Each structure stands twice: as C-alpha cells, then as structure tokens.
Amino acid sequence: MIRLLIADDESLLRMAFRMVFEAEPDMEVAGEADDGEQAARLARHLRPDVVLMDVRMPGLDGIEATRRIVRDSPRSRVLILTTFDLDEYAFAGLKAGAAGFLPKNTRPQELLSAIRNVAAGEAALSPRVTRRVLERFAPQMTPGPAERDERLAQLTAREHEVLVQVARGLSNAEVAAALHLAEATVKTHLSRVLVKLGLRDRAQVVVFAYESGLIHPAAPDR
C-alpha cells in the first residue's frame, strides 16, 4: 500500500486528489496539509511514501518544505506539482531533492503512474526532461570542477562512464548499447553509483552532473 500526503492550499483540489487516490486498491491518503510548514511536520509524523507537493502555498512554500522533508524524512519522496512543466519551480524542486515534477493538468492515470514510480524508487520524469529543465536554468547554477568533487573518486571507470551517459538522458537500454554492456549490468552499475554518490534516483544523477561540472549545457560531455 502506497501511503500519500497531499500538500496544497486549495481544499477542493485536495478533495479531488483524495477521491482519485482512494479509488485505487494500492493507495491510501495518510494526511493532508494546506501549507509547507504543516506538510513538513506531517511528513515527519506520518512517514508517507510519497508527498504530493504544491509549490505556491502561504507561509512556507513547497520548495523549502521539500528541502525539509528530504532532510528530515528521507524515506518519504516528494512529487512536485507545477503550473508549467518547465517553470522555475520545477528547477528549484529538483535541486531541493524532489523525485520529479508534473504539471497540474496531468491526466489522472499519468499522475497515478508517476506516484507508483516514485514509491518504487524511480524518478517521476525522464532524465531527458530533467536535463531540459536544467539546461534552461543552468545560468543560475554555479558548477565547480568535477575533479574537485571527492565523491567521484569513489567510482570505478565503468561507473563513471555510466554516470555520464545517464546524465546525458540515456535510458538503461541506450547506455547498454553505447557501452556494449548487458542492460542488467548497467542497472547494477547505476545502483552502485547512486549509493556511492548518495543520490536518490536518476533525476538527481542529472542534477549532480551539472552541479559538479561533470557535464555542461549545450556543450560536449567531458
């Protein structure tokens, strides 16, 4: 059973979400919050699997609430809801540690699928979409030389190659073809990369690659 926390300041929208989720046999709504402060507090108390997070709320906004949840309730994963799929809130949400983002006009079945993916430990969007967001807002980032990030020194040469390919937005199958590996081997390497770098999912791999200076927008990968 996937336990959900709905954070949105619009009570009618929360009610609509609850109706959709509670109609699913594998989901239950553990709680609701109408601002970021309450969302962070309830996440610590209720320990939901997924937090559905609005960003424009009174008081503490959804981005700061996401940071607090990622820090204080690491088992709870945050799915950001945005007005547009490439707005600044999507970018800020990813940097804050969200597992992904979706536009508010997403179809119910797509939202349910995203929630199940997030609960299973996957990102709620493709690495390519993540990279599009980061390239658009890359001027706001201050990447440092990749060689200065000590975490990269933990990776084997093959794990480093997999990291770069995933950060470019390739799927496991595409990485396998590019590196002449079995897809299962790519999954194993990626799992080790996530553990060694302390990352939660593929979306965070892309964020890390930009922030560390490993790859650059509109430039060949190094």
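Against the conditions (1) over 19 Å from Glu88 (Cβ atoms); (2) modelled with pLDDT under 80; (3) open to solvent by less than 50 Å² (accessible area, probe 1.4 Å), where does Ala176 fall short? Just the number, please. Ala176 satisfies all of (1) over 19 Å from Glu88 (Cβ atoms); (2) modelled with pLDDT under 80; (3) open to solvent by less than 50 Å² (accessible area, probe 1.4 Å) except (2). Just one of the numbered conditions (1) assigned to a helix (DSSP H, G or I); (2) over 18 Å from Ala119 (Cα atoms) is not true of Phe21; which one? Unmet for Phe21, out of (1) assigned to a helix (DSSP H, G or I); (2) over 18 Å from Ala119 (Cα atoms): (2). When you look at Glu122, is it open to solvent by 30 Å² or more (accessible area, probe 1.4 Å), at pLDDT below 85 and assigned to a loop (DSSP other than H, G, I, E, B), yes or no? Yes, satisfied.
Residues in the stretch 71-90 that are touching a helix residue (DSSP H, G or I) at 6+ places or on another chain (Cβ under 7 Å) and in a loop (DSSP other than H, G, I, E, B): Ser73, Ser76, Leu86. The number of residues in the stretch 41-63 being farther than 17 Å from Leu94 by Cα, assigned to a helix (DSSP H, G or I) and of a type in the set (A, V, I, L, M, F, W, C) comes to 3. Which members of the stretch 62-89 meet the condition of being within 19 Å of Phe21 (Cα to Cα), of a type outside the set (S, T, N, Q) and open to solvent by less than 20 Å² (accessible area, probe 1.4 Å)? Result: Val78, Leu79, Ile80, Leu81. Filtering the stretch 42-61 to residues that are within 16 Å of Asp72 (Cβ to Cβ) and either of a type in the set (S, T, N, Q) or surrounded by fewer than 18 Cβ atoms within 10 Å (Cβ to Cβ) (or both) leaves Arg44, His45, Leu46, Arg47, Leu60.
The listed residues are Leu79, Leu13, Leu60, and the only one of them that is over 15 Å from the mean Cα position of the chain (by Cα) and within 24 Å of Ser113 (Cβ to Cβ) turns out to be Leu13. One residue stands out in the stretch 188-222 among those that are within 19 Å of Gly100 (Cβ to Cβ) and at pLDDT 90 or above: the one that is most open to solvent (accessible area, probe 1.4 Å), namely Ser191.
Screening Ala92 with (1) of a type outside the set (Asp, Glu); (2) under 14 Å from the mean Cα position of the chain (by Cα); (3) open to solvent by less than 10 Å² (accessible area, probe 1.4 Å) gives one miss only, at (3).
For (1) part of a helix (DSSP H, G or I); (2) closer than 20 Å to Arg202 by Cα; (3) without any contact (Cβ under 8 Å) to a residue 12 or more places away in the chain, each residue gets a yes or a no:
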| residue | (1), (2), (3) |
| --- | --- |
| Ala65 | yes, no, no |
| Ile69 | yes, yes, no |
| Ala92 | yes, yes, no |
| Ala98 | no, yes, no |
| Phe101 | no, yes, no |
| Gln109 | yes, no, yes |
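The values are calculated or read from the model by the stated rules, or taken from the named source; none is laboratory data. Everything numeric in this text was worked out from a predicted model, so none of it was measured. No Cβ is skipped: glycine too gets one built from the backbone with ideal geometry, and neighbour counts run over all protein chains shown. The accessibility values were calculated without ligands, DNA or RNA, using every heavy atom of the protein model including side chains. Shrake-Rupley method; radii C 1.70, N 1.55, O 1.52, S 1.80 Å.
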